[in-house]
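Heads up, the thing below is written out as structure tokens.
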């Protein structure tokens, strides 16, 4: 069983994903195809990179991860395959793979230049179908990487804004808003590891709110806001039973500060192991 | 081939479903994964229960049905596995499984308490990934139920509002609105079995409409409203070629009455077998 | 491995697609099920036909293509199976299969009339579950076509509006709007094959705009409109990084004209092979 995952901004209302799967299965009929998501906002490379990075490592070793958020399709941007210790990644070299690759042990990065592994006729607007799907299928059948194209030294990295320290304060921002309206920040569990959650408050600057930090949604009454360390290991702002982004007008880039209460800070470590 | 179905409110825009599938396939690479739906309205346990109950029985015997609509994730609500005569069900013990289980012959209900079958680190916010997916995968590989946790006597049941009789009238309410705007009521085919459809009228109280009962959508001209026994065996309000819920402002809980015309009721049985 | 594709207007928010897959897998547990799309606008037979025609040929030979956009379900409209040189098609005989079939070598068209291959009880509102899914599953297991029902001479064809010539002008219309807001016209690559793209201008009559023709999206600056030959081989109107349909108010049926600049037309052929 060879697994190929798909992450795109193609949406689900047209035949685009079906077209890719047709090409994949024609070359590799035994593939197990898994959709990560096809609803990355159109052209939002950063959101695609974040989604892929948040789940790729859960798949079995040797899974081929295919990501196509590709506003530059048909231009001179390169297409790459990256072999890491555990996985293969295929996509445009525009950063969509980078948040995942940054966590991996890289074995090899190659530009996709051998048309023998593309569809016979390559359009200028749908490389998902004509380049990336056939490459992913051939990879899952064991194609030799050296045949696909020349090795290159680097892949394109998206800049990642890390949280900053200012004294005891941690300053970050909203980096992703999910289906539930939970807003994920770039303040990680590690950034807060030295604090007891009970002494921390989260300050939402634009909407001038201060909310507590807890461990799960129902730790506050329905309709109330809280922060918690979400399943990706980052601080999230949520509303128990509600949509935090909508209710509080939170957007990508919104500044977030986490600060211990007043001056008196109890520096004992938290009792539970952090989620990973 | 071992089939695992997924019913959640996770939506399709993030990596949540992909994350569950990664975990499932890592443990059970031969699983055939089938999405029932991931677009249950966030936290709507009742809608999740209705969706699952409407299709679970169509799957092959031994299918594992995984349902995660779980607003209480991380709190003290239990997680359960239920073995019935034909299927295995896994989910939070909040009622999301109950409409299906109420139709099944129950063999065993167990609380999921053995962390050996969870992911090594369990978050407080994503048990779909950390608890339910690994359990479902182990079940589909034949894990012994006795190892998963202690047997309990009951599962949580959601109350089901049945239709009532008032003389020859049948009184019910809207319980589900589908993608087409068809509004499903809790008045069942059995509730109407004694009547000839031709003598029945449906009364929509709030919008003060009376509409006829037919057997299929195109029995009335385009744009006109009708009632019919839908594919789940319940009375639905529909508009031929239109969206009944939107056009008539129907909502969950809206009262519906079905009544034979005037006084003269012909009590002959209907000629066709009812759909099942 | 036997592949069955699904194209419907059932949406993804209910259990309808899951129900079909349950029925499919119960009869044919080894099927590889592939969603083309389930978000055809409700009852839009033409959009369903276009989506299927745009990708069916990419799948491996002997794939069974199942399409259910079926506003006439339960009425007297027929259900058909069509065997072509390379594929099997199943669906209502209302034209939803016709754009694909028009490109195929037809071997046999049969009406589905043998209830032995349906579900034991057939509803009047959900033939996707009760008729088409079981038929598709039996076909993928090798059921003899002759057993399914009588041969008929024809399938229902949707009329296809082709582009017209008026001197050097090519006149067409918008026939499909995709997820990105790219608007696909019925002016094909062949219609424009005699021209150098550099001398062509696209005239959008209603919104009184004239835009250039290029080969890929980023050939114009972000936010600017262009025409290009899309991945289906038809002229599309797009905005680099934007939503052309929304920004320019383009709708299905909107007239589009392509015209060489002024009088001086250089009739040299284009240098690149057209995409297919």
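The values are calculated or read from the model by the stated rules, or taken from the named source; none is laboratory data. All figures in this text were calculated on a predicted structure; none of them were measured in a lab. Backbone-built Cβ (ideal geometry, glycine too); neighbour counts: all protein chains shown.
Take the stretch B:97-133 and flag every residue that is farther than 18 Å from residue B:20 by Cα and either at pLDDT below 95 or assigned to a loop (DSSP other than H, G, I, E, B) (or both).
Of all residues in the stretch B:97-133, those farther than 18 Å from residue B:20 by Cα come to B:97-111, B:113-114.
Passing the criteria: B:97, B:102, B:103, B:104, B:105, B:113, B:114.
Among the residues of the stretch C:139-154, those that are under 19 Å from residue C:66 (Cβ atoms) and surrounded by fewer than 11 Cβ atoms within 10 Å (Cβ to Cβ) comprise C:142, C:144.
Residue A:77 satisfies every condition listed in (1) closer than 21 Å to residue A:159 by Cα; (2) within 13 Å of another protein chain (Cβ to nearest Cβ); (3) buried (at least 23 other Cβ atoms within 10 Å of the Cβ) except (3).
Selection within the stretch A:1-27: residues that are surrounded by fewer than 24 Cβ atoms within 10 Å (Cβ to Cβ) and more than 26 Å from residue C:49 (Cα to Cα). The member of this set that is modelled with the highest pLDDT is A:3. The residue that is farthest from residue C:70 (Cα to Cα), among those in the stretch B:201-225 that are away from chain C (no Cβ under 14 Å) and in contact with a helix residue (DSSP H, G or I) (Cβ under 7 Å, 6 or more places away or on another chain), is B:207.
Return yes when residue B:202 is under 23 Å from residue B:104 (Cα atoms) and surrounded by 20 or more Cβ atoms within 10 Å (Cβ to Cβ) and no when it is not. Steps first, answer last, please.
Working: under 23 Å from residue B:104 (Cα atoms): no; surrounded by 20 or more Cβ atoms within 10 Å (Cβ to Cβ): yes.
Spelling it out, it is not the case that residue B:202 is under 23 Å from residue B:104 (Cα atoms) and surrounded by 20 or more Cβ atoms within 10 Å (Cβ to Cβ).
If residue A:30 meets every condition in (1) under 28 Å from residue C:240 (Cα atoms); (2) at the interface with another protein chain (Cβ under 7 Å from one of its Cβ atoms); (3) touching a strand residue (DSSP E or B) at 6+ places or on another chain (Cβ under 7 Å); (4) surrounded by fewer than 24 Cβ atoms within 10 Å (Cβ to Cβ) apart from one, which number is that one? Going through the list (1) under 28 Å from residue C:240 (Cα atoms); (2) at the interface with another protein chain (Cβ under 7 Å from one of its Cβ atoms); (3) touching a strand residue (DSSP E or B) at 6+ places or on another chain (Cβ under 7 Å); (4) surrounded by fewer than 24 Cβ atoms within 10 Å (Cβ to Cβ), residue A:30 breaks only (1).
Does any residue in the stretch C:176-191 that is away from every other protein chain (no Cβ under 12 Å) come within less than 8 Å, Cβ to Cβ, of a residue that is in a helix (DSSP H, G or I) six or more places away or on a different chain, and which pairs are these? Filtered contacts from the stretch C:176-191: C:183/C:244; C:183/C:245.
In the stretch C:162-187, how many are outside any strand (DSSP E or B) and crowded, with 18+ Cβ neighbours inside 10 Å? Reasoning before the result, please.
If we filter the stretch C:162-187 for residues that are outside any strand (DSSP E or B), which is where we start, we get C:162-163, C:167-168, C:178-182.
Going one step further and asking which of them are crowded, with 18+ Cβ neighbours inside 10 Å, we end up with C:163, C:178-182.
Result for the stretch C:162-187: 6.
Among the residues of the stretch B:195-227, just one is within 17 Å of residue B:167 (Cβ to Cβ), in a loop (DSSP other than H, G, I, E, B) and under 26 Å from the mean Cα position of the chain (by Cα), namely B:205. Taking the condition away from chain A (no Cβ under 14 Å), at pLDDT 95 or above and touching a strand residue (DSSP E or B) at 6+ places or on another chain (Cβ under 6 Å), does residue C:139 pass? Taking the combined requirement at face value, the residue satisfies it. Each residue in the stretch C:51-62 was checked for being more than 7 Å from chain A (Cβ to nearest Cβ) and either crowded, with 24+ Cβ neighbours inside 10 Å or free of Cβ contacts under 8 Å to residues at least 60 places away in the same chain (or both), and 5 pass. Residue by residue through the stretch C:228-242, note down the ones that are touching a residue at least 24 places away in the same chain (Cβ under 8 Å) and in a strand (DSSP E or B). Once the filter is applied, which keeps residues that are touching a residue at least 24 places away in the same chain (Cβ under 8 Å) and in a strand (DSSP E or B), the stretch C:228-242 yields C:229, C:234, C:235, C:236, C:237, C:238, C:239, C:242.
Being surrounded by 20 or more Cβ atoms within 10 Å (Cβ to Cβ), free of Cβ contacts under 8 Å to residues at least 60 places away in the same chain, under 27 Å from residue C:184 (Cβ atoms) and away from chain B (no Cβ under 11 Å) is true for just one of C:90, C:69. Which residue is that?
The match here is C:90.
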